[in-house]
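Worksheet: the structure to be examined is printed underneath.
The values are calculated or read from the model by the stated rules, or taken from the named source; none is laboratory data. In this text the structure is predicted, and so the values were computed from the model without any measurement. Methodologically, a virtual Cβ is constructed for each residue, glycine included, from the backbone with ideal geometry; neighbour enumeration extends over all protein chains shown.
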Ligand code: SF4
């Protein structure tokens, strides 16, 4: 019997492989020549999962922006601003800090400023990579990391907030009592910041209200949460159109 050439040998191996696959289809996975099975998809993070669920629910889609608007109005009314505050139009050092928003606030912004958010998308995508997941326990480290990145809020235009009417809680509660020029310093040790009338407690109360209204409160980094809400709503709209088209053709 002639010695098999490498080519004949390969054909022979291939045929054997095919035969084995016909007899024991599940054996193909165990064959060392087969590529390993694809790894299971990674579990979706809590933030992504809850974000998807929340915004894909029609009930919350309508309710969340209303919750944010009402909470912001209450917050502004309850928050008494000290007269010695030195923040002025055109001060923007605060807008170089990391901004945390709730899901209701993000939904409200998506509804109020779809064109602005679409225009800012490249910046938001770049910034979302700085804070891919947000956990309150790591808020300080995240804030420092953001500051070091030198990023400015995507909605700061000509040193003014372009979403001022619907700006998040964290932007509403921040007041400076010292010379505004000091805020621009990276170290900013001499800056005196006032959180008047228990602003943090008020904010926590507002988030608790959001929790009661929607059964959950989700906090996230402004760029990432805005993108998640926008994308989830687009998906939902695409599904709705598909559903209508399928219904129309049957
Ligand atoms: S939302 Fe407005 S106020 Fe808040 S950081 Fe951005 S530009 Fe500044």
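With respect to residue 228, determine if the residue is more than 16 Å from the ligand (Cβ to nearest atom), crowded, with 19+ Cβ neighbours inside 10 Å, modelled with pLDDT of 85 or more and assigned to a helix (DSSP H, G or I).
Here the answer is yes, as residue 228 does meet what is asked.
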Given 118, 141, which one is away from the ligand (no atom under 12 Å from the Cβ), on the phi < 0 side of the Ramachandran plot and modelled with pLDDT of 95 or more? 118
Of the numbered conditions (1) surrounded by fewer than 18 Cβ atoms within 10 Å (Cβ to Cβ); (2) in contact with a strand residue (DSSP E or B) (Cβ under 8 Å, 6 or more places away or on another chain), residue 131 satisfies every one except a single condition; which is it? (1)
Could you tell me which residue of the range 147-173 is modelled with the highest pLDDT, considering only residues that are more than 8 Å from the ligand (Cβ to nearest atom) and exposed (fewer than 13 other Cβ atoms within 10 Å of the Cβ)? 165
Yes/no for residue 85 being touching a strand residue (DSSP E or B) at 6+ places or on another chain (Cβ under 6 Å), within 16 Å of the ligand (Cβ to nearest atom) and closer than 21 Å to residue 205 by Cβ: no
Single residue of 123, 176 found to be modelled with pLDDT of 85 or more, within 16 Å of the ligand (Cβ to nearest atom) and at negative phi: 123
Within the range 94-111, does at least one residue satisfy the condition of being surrounded by 19 or more Cβ atoms within 10 Å (Cβ to Cβ), more than 30 Å from residue 234 (Cβ to Cβ), within 21 Å of the chain's Cα centre (by Cα) and within 16 Å of the ligand (Cβ to nearest atom)? yes
Need pairs with beta-carbon distance below 6 Å; first residue in contact (Cβ under 8 Å) with a residue 12 or more places away in the chain and more than 20 Å from residue 126 (Cα to Cα) and within the range 95-111, second within 11 Å of the ligand (Cβ to nearest atom) and in a helix (DSSP H, G or I); sequence gap 6+ or separate chains. 108/166
Keeping to the range 137-157, report how many residues are under 15 Å from the mean Cα position of the chain (by Cα) and part of a loop (DSSP other than H, G, I, E, B). 2
